[in-house]
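Accompanying notes for the structure given below.
Taken together, the values in this text are just the output of simple stated rules run on the coordinates, not laboratory data. Source: prediction; values computed, not measured. Note that each Cβ is placed from the backbone with ideal geometry, even for glycine, and that neighbours are counted across all protein chains shown.
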Amino acid sequence: MSDTIKLLIVDDEVKFLESIAKRLELRGLDVTTATSGMDAVRIAQSQKFDLALLDLKMPGMDGKQVLEILKREHKFIEVVILTGHGSVDSAVECTKLGAFSYLPKPYELDDLIEVLRQAYEARLKKKFQSDVERMDRLASLAAGTSALGILRAMRELDDEER
């Protein structure tokens, strides 16, 4: 298990994508990139990510669509929208869809890193809370259930994480 934050960055501007990926890798993040929404979804189906940084405006599947899919398919991922085409309406809409934050391009690297730190902290809190709730459920089952019943309950709880 890696102790590095796994970040998926999605942007159709290849030079920008390579630049931001390199800058964040130099700061210790494990970065995977995608140049389209479809690629991002495909990659996210085969790997787990802690965070995603999405461009809003992309041809084909846009950042909003990718946001919806990632939040639906990955229970604890936090998503930051980074866009040069922002508006108050799109910021509100993305936040309602589950985006942790919405930042304009051009960005200050220190500001972006701080938002990513906050997003990762929020992810850890959600995961911890979920783990506590799962352990509480197991403890209550253990009080009045057979060993086989406890194993079944543990399997069900484990299946919820997949």
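What are the residues in the range 42-52 that are buried (at least 17 other Cβ atoms within 10 Å of the Cβ) and in contact with an Asp or Glu (Cβ under 8 Å, 6 or more places away or on another chain), if any? Working first, answer last.
As a first pass, look at the range 42-52 and keep what is buried (at least 17 other Cβ atoms within 10 Å of the Cβ): 44, 49-52.
Hits for the range 42-52 are A44, D50, L51, A52.
Within the range 94-135, work out how many residues are charged (D, E, K, R) and surrounded by 15 or more Cβ atoms within 10 Å (Cβ to Cβ). Reasoning before the result, please.
First, pick out the residues of the range 94-135 that are charged (D, E, K, R): 96, 105, 108, 110-111, 114, 117, 121, 123, 125-127, 131, 133-134.
Then drop every residue that is not surrounded by 15 or more Cβ atoms within 10 Å (Cβ to Cβ), which leaves 105, 123, 134.
Summing the residues that are charged (D, E, K, R) and surrounded by 15 or more Cβ atoms within 10 Å (Cβ to Cβ) in the range 94-135 gives 3.
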Exercise for the section: Please specify each residue of the range 1-41 satisfying the condition of being small (G, A, S) and buried (at least 19 other Cβ atoms within 10 Å of the Cβ). Expected result: A34, G37, A40
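So which of A122, A99, A91 ends up being under 12 Å from L53 (Cα atoms) and touching a strand residue (DSSP E or B) at 6+ places or on another chain (Cβ under 9 Å)?
On the way: A122 fails: under 12 Å from L53 (Cα atoms); A91 fails: under 12 Å from L53 (Cα atoms).
Just a single option satisfies the conditions, and that option is A99.
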Exercise for the section: State whether one or more residues within the range 133-151 are within 24 Å of D50 (Cα to Cα), in a helix (DSSP H, G or I), among the charged types (D, E, K, R) and without any contact (Cβ under 8 Å) to a residue 12 or more places away in the chain. Expected result: yes
Fill in the blank from the handout: Of the residues in the range 88-124 that are assigned to a loop (DSSP other than H, G, I, E, B) and aromatic (F, W, Y), the one that is nearest to L67 (Cα to Cα) is F100
Exercise for the section: May I ask you to verify whether S90 is hydroxyl-bearing (S, T, Y) and out of contact with any helix residue (DSSP H, G or I) (no Cβ under 8 Å at 6 or more places or on another chain)? Expected result: no
Problem - The lone exception for H85 - which of (1) touching a residue at least 24 places away in the same chain (Cβ under 8 Å); (2) surrounded by 14 or more Cβ atoms within 10 Å (Cβ to Cβ) it fails - result: (2)
